[in-house]
1. Just tell me, in residue order, which DSSP H segments of chain A are both 18 angstrom or longer along the helix axis (alpha-carbon based) and at least -1.0 in mean Kyte-Doolittle hydropathy.
2. Given the DSSP H assignment, sum -39500 (n - 2.57) over each helix run of at least 4 residues in chain A and divide by its residue total; what's the result at 222 nm in deg cm²/dmol, nearest 500?
3. Would you compute the Debye intensity of the stretch A:1-144 from its alpha-carbon atoms alone, equal scatterers and no solvent, and pass along log10 I(q)/I(0) at q = 0.09, 0.17, 0.20, 0.21 Å⁻¹ to two decimals?
4. Quick check on the exposure proxy: order B:Met189, A:Met49 from fewest to most C-beta atoms within 10 angstrom.
5. Got a sec to turn the phi values of the stretch B:140-155 into Karplus ³J(HN,Hα) couplings, 6.51 cos²θ - 1.76 cosθ + 1.60 with θ = phi - 60°, whole Hz, x for Gly and Pro?
6. Longest span of chain A, sites excluded, free of trypsin sites (Lys or Arg not before Pro) in DSSP loop with at most 13 other C-beta atoms within 10 Å?
7. Determine by what factor the alpha-carbon radius of gyration of the stretch A:125-257 differs from 2.2 N^0.38 Å, reporting the quotient.
8. For the stretch A:120-161, take the convex hull of the Cα atoms, compute a quarter of its surface area, and give me that in nm², please.
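Please treat every number below as a calculation from the coordinates, not as lab data. Small disclaimer: the values here were computed from a predicted structure and weren't measured. Note: ideal-geometry Cβ built from the backbone for every residue, glycine included; neighbour counts use all protein chains shown.
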Amino acid sequence: MHHSHIDRFAQGDSPVHRLDARAKLLAVIAYTVVLISFGRYTVAGLAPMTVMPLAMLWLGRVPVWFALRRVAILSPFIAMLCLMSPLYDRTPVRAALGPWQFEVTGGWLTAADVAIKFTLGLTALTAMMSTTRFSSLLEGMRRLGMPRMLVLQLGFLYRYIFVLIDEAMRMRRARDFRGAHRAPVQRRLAAVGGVIGSLFVRTLERSDHIQTAMSARGYRGEPRGLRQLRFRLGDAAFLAAAAGYLLFCRWVYPQVL
Amino acid sequence: MIVLPFAMHMANELLSVPVAGATLALAAGAVALAGVRARSTLDAEKLPLMGVMGAFVFAAQMINFALPGMPGTSGHLGGGVLLAILLGPSGAIVCMTAILIVQCLLFQDGGLLALGCNVLNMGVVPALAGWSAYRGILGRSAAPKPWRQYIAAWAAATVGVTAGAGLVPIQAVLSGVLRIPVADFLAVMVGVHLLIAFIEGAITFAVLAYLRRTRPATLGLPVADGRERLSRKAVLASLLLTATLLAGVISWFASARPDGLEWSYKHRAYGASKESVQNPSPTVRGVDAWQVRYALLPDYSRRAAALGQEPPQEPAHGDGAPEGRNQPEAEAYPNVNAWGSLAGLLGTAATLGLVYLLATLIRRRKTPDASS
């Protein structure tokens, strides 16, 4: 397994890690809703929205660069759209910050707005995922009413994703060692088809084996886990604090401005 | 090496809350229906194992294919259409939903609230459109000819991927965050995704060719007679067809842009520079007026203020949207707001400093415990 870097901080321990998965999930969903409910020209108004994701990262002992690296990796598509925006929206707008005033176009404000929201939203999501084990998150989603079938499926997906990725990487390396780079296009395509096709056949067989093994161990469609979730007073306090904070960001702070 | 990405993941930031909510509800309904249908075709104990198939799609995306004619560039499979062909549309939708949720949570690709859009664009629509195209071309024959199956796979990938990608600009424009005219946005998305769809189609039919030869049962075919090979003619034919389609779509958009598609009235409502263009149709004007009056986003009032550098006068704008007051934070009334926003920034920085201090204190207290 060489891929554990994706949620490598989730196994840690900190005040944020100890919070109930449901509390964190609800808080991050509410945060995202509030974030996208701001208008398209909001830039300075987003300032207090930086507090929650950064606080979760710091208190959860997740390095900020880890979240920012995810932002950098995922940004090309959104960056392209941000750069297209100034071409179309040329409404002149006067922006001001303290003693400084400057003229910009609406398109640039929108670009800045979308980029900031993207960074913040992604940081909040990374903060949640880096402080919550995936299994606890799944259990939390099930308690919040997600269909059990989907939860089970997500569990299997998470369990086997790295196993199969390792297998695919091995097959890819084997193909490359056999000189697939220099083959003509048609042979190269056939090689890709062969690798993916046999991976599919292996996956089918593997899932049959898993099912047989599970039935042999008494599985009858009801998963059982050891880890139990408990919604404590601290979780309620965290949710209340998050709600108050979001209300402040969305309705109080813009009025003060 | 450049890897052509599957650049369709919708981001939260391009959506408004109503559009996000509506697409989430729509996607949930579609997935629930697909789940019920899948349960009737597969037995209930096997359904969770669709998760393992989802892991297969992630793994298949690791297998790169160096593109001909573009050295240093490689593409990979998206997988939605291949799943629809192999598992049927309802199985594919259920499976893709799980994949998209994991992509969103674990890899942060596509936002939480954009999940509805992503399930529609990359799960429901490609599976249904791709599968119908595949079945339509394949016909009812029990043992279809190889070329027919290849063309069907290629068409399914093209139709599925492009139809899904075409929904992205429509959802973005309905949300009204970006002011990019829908026709331009659509042309870019569809153009890029026709190229991606070609790679998808090529790999999909390579996989089908392999399975046809080695495991015909997975495609619902009788055992193959003799050896079949991926024919160069099929590859060339599909390449030619893609090029024709690409040229056709681009020229269609190029010719359609100036005088407008039916839906370009939407970008008239946003495009400030195009305000002078009067559209004579009363329907279009009616839709514009309706949009301005009932728009859930308060941005329209903001725009009116920014354009004329004065506060909005129509009462329909101001009181319709309570948040409207919040929007012009720094720009429209610089005298009132400028110091406020500076103070806000300083306040935020101070708060963050406090939180950071707290976090370091907790860490310092913790560290000796951990080491001892």
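1. Both cut-offs are met by A:21-37, A:76-88, A:106-129, A:148-177, A:185-216, A:233-247.
2. -21500 deg cm²/dmol
3. At q = 0.09, 0.17, 0.20, 0.21 Å⁻¹ the computed log10 ratios are -0.35, -0.97, -1.19, -1.26.
4. Placing the least packed residue first, the sequence is B:Met189, A:Met49.
5. Per-residue couplings from phi come out as 8, 5, 6, 10, x, 5, x, 4, 5, 5, 5, 4, 4, 5, 4, 5 Hz.
6. A:19-177
7. 1.65
8. Taking the Cα atoms of the stretch A:120-161, their convex hull projects to 3.3 nm² on average.
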